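Just so it is clear, none of the values below were taken in a lab; they were calculated from the coordinates. All of these numbers come straight from a predicted model, not from anything done at the bench. We place every Cβ from the backbone using ideal geometry, glycine too, and count neighbours over all the protein chains shown.
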Amino acid sequence: MRQIVITKKGGPQVLKVLEVADLLPSSGEVRISVKASGLNFADIMTRMGVYPDAPPYPCVMGYEVSGIIDKISSGIDPSWLGKEVLAITKYKGQAEQVIVPIDQVFEKPPTMSFEQAAAFPVNYLTAYLILSAMGSLQSHETVLIHNVGGGVGLAALEISNHIGAETFGTASQRKHEFLKKKGLKYAIDYRNQNWKDELMKLTNGRGVDLVLDPIGGKNLKQSYQSVSSTGRVGLFGLSVVTEPGLGGTFQKLKMLFQTPIFHPFQFLLSNKGVFGVNMARLWHEKKKVRIWADILLSGQKEGWINPHVDKVFKFDQVGEAHQYIESRQNIGKVILVP
Ligand SMILES: NC(=O)c1ccc[n+]([C@@H]2O[C@H](COP(=O)([O-])OP(=O)(O)OC[C@H]3O[C@@H](n4cnc5c(N)ncnc54)[C@H](OP(=O)(O)O)[C@@H]3O)[C@@H](O)[C@H]2O)c1
């Protein structure tokens, strides 16, 4: 079977599709014959050598797949064999086969394509965790979704619309029309405008109740300044370290230097809060993750969740897929298929 391997830190040329022996599941695990794998920003950051939670090189990335269970281990209910599923994987999902503990596997709704199913786990669980589980977004509130045209951003827009909150989002100008059609109320071109000044104008100086910040660094400071009393900021990424510039270590140091440090008294005096979200560090909270996934999969059946697959690349085109995201072209999810 074939796997996409990041052989070392570098440009898209370090990505190789390599043949390895078939995998066998151990007790409590199943093998999925992969039909589609999600490509995430974390995979790009891993290849660039700036992702803090990356496994050592050479590595196979991939946090999510859809496919068919083609082998089960002892103790697994035989009815799983042959089922169409989606799964959260601890790396290694960008391969023709992946081994997954059964408690990370979910039945794929028949109304979802394999590509849509692979676009679901990371984006929607992350968005739900920030907006609902931790951010407690309410229908009478306002939310600013940074990079609303990305995978997590679009998922967050759908969930916010379902909650009934008023939505603001930052994205490259060319994505605005699409986002408006998806229900975004106010789109801000953060690459050519000062997004904070624009947001303050649009909200008559009040700011918003919740900000989703995947950028970090000095953007986090502005996000904090943009929330009103009782407002919250959810930090869930540090994409600022991938900006073209000084490269790896220097970029990380610059980001650390620009990141604000918060004292809890600040929160006490201003009725504000900041929290962090990292799906890759929630493997011990499987019960909660399943509850959230069930809510979201029901949402798909009810019609308020509709994963948007922007582009599908074959494994052999993985370099192009990385470049597509890196050059900010994607609207929603990029998928890899064997
Ligand atoms: N903590 C978690 O559990 C978790 C889970 C998933 C994702 N994340 C984080 O969330 C962020 C978005 O992830 P995603 O998978 O939704 O991303 P994505 O679909 O790959 O979207 C990336 C988009 O972000 C924007 N962007 C902002 N800064 C960028 C940069 N320096 N280089 C390239 N694009 C940049 C671009 O759109 P515009 O320029 O149009 O805005 C780009 O199209 C990333 O920081 C990722 O690490 C965190």
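Okay, here's what the table says:
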{"read-out": "Partner aspartates and glutamates for residue 196 [C-alpha distance under 19 Å; skip if fewer than 8 residues away on the same chain]", "value": "141, 166, 209, 213"}
{"read-out": "Rg over Rh [alpha-carbon atoms, Kirkwood Rh] for region 122-280", "value": "0.95"}
{"read-out": "Local net charge near residue 14, Cβ-Cβ under 13 Å (Lys/Arg +1, Asp/Glu -1)", "value": "+3"}
{"read-out": "Calculated SAXS-style log₁₀ I(q)/I(0) at q = 0.16, 0.18, 0.20, 0.24 Å⁻¹ - region 221-337, Debye, Cα scatterers", "value": "-1.20, -1.26, -1.23, -1.20"}
